[in-house]
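> The structure is given below, and queries will be raised subsequently.
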Amino acid sequence: MRKGSSDRVVLDPTDLPLGSLEAAAILHVAPDAVLVVDRGERIVFANTTAGEMFDVAPDALVGSLLAELLPASSRHQHHGSVAGYFEAPTKRPMGSGRALMARRRDG
């Protein structure tokens with residue numbers, strides 16, 4: 001945490017471990033869909049907005065492979081992108097300059 005203007009305390013999300021209740025609560029109310037994946041491209045966290053986007057409970061996404069949410073034509077390219085990210089992680093917008101495509105569980 002750090003002090004903000006007028007001595008108010010500003011929460012820095014990097015101070016919280018992902019598994020903490022506070023971090024989960026912050027991510028669940030985010031207006032954007034949030035999926036967190038491990039190196040094996042398995043979803044380890046999905047927020048409420050992601051669940052709404054894919055028309056499934058967020059907990060039902062956890063444990064799934066990220067590729068299951070991608071159109072078949074995008075899976076190979078995306079696998080390379082994820083592998084490249086884990087080799088050299090950087091803060092970057094997802095799909096910058098590209099149209100992002102996904103598929104809901106109902107196809």
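The values are calculated or read from the model by the stated rules, or taken from the named source; none is laboratory data. Everything numeric here is computed off the predicted structure, so don't read it as measured data. Using ideal geometry, Cβ is built from the backbone for each residue, glycine included, and neighbour counts are taken over all protein chains shown. In case anyone asks, the SASA skips ligands and DNA or RNA and just uses the protein heavy atoms, side chains included. Shrake-Rupley method; radii C 1.70, N 1.55, O 1.52, S 1.80 Å.
> Restricting attention to region 23-48, report how many residues are surrounded by fewer than 17 Cβ atoms within 10 Å (Cβ to Cβ) and in contact with a Pro (Cβ under 9 Å, 6 or more places away or on another chain).
Number of matching residues: 3.
Yes/no per residue for (1) modelled with pLDDT of 85 or more; (2) of a type in the set (Phe, Trp, Tyr); (3) more than 22 Å from residue 104 (Cβ to Cβ); (4) not in a helix (DSSP H, G or I):
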| residue | (1), (2), (3), (4) |
| --- | --- |
| 24 | no, no, yes, no |
| 39 | no, no, yes, yes |
| 43 | yes, no, no, yes |
| 73 | no, no, no, no |
| 82 | no, no, no, no |
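> Given the condition out of contact with any Phe, Trp or Tyr (no Cβ under 6 Å at 6 or more places or on another chain), of a type in the set (Lys, Arg) and open to solvent by less than 80 Å² (accessible area, probe 1.4 Å), answer yes or no: does some residue in region 89-107 qualify?
The answer is yes; a qualifying residue exists.
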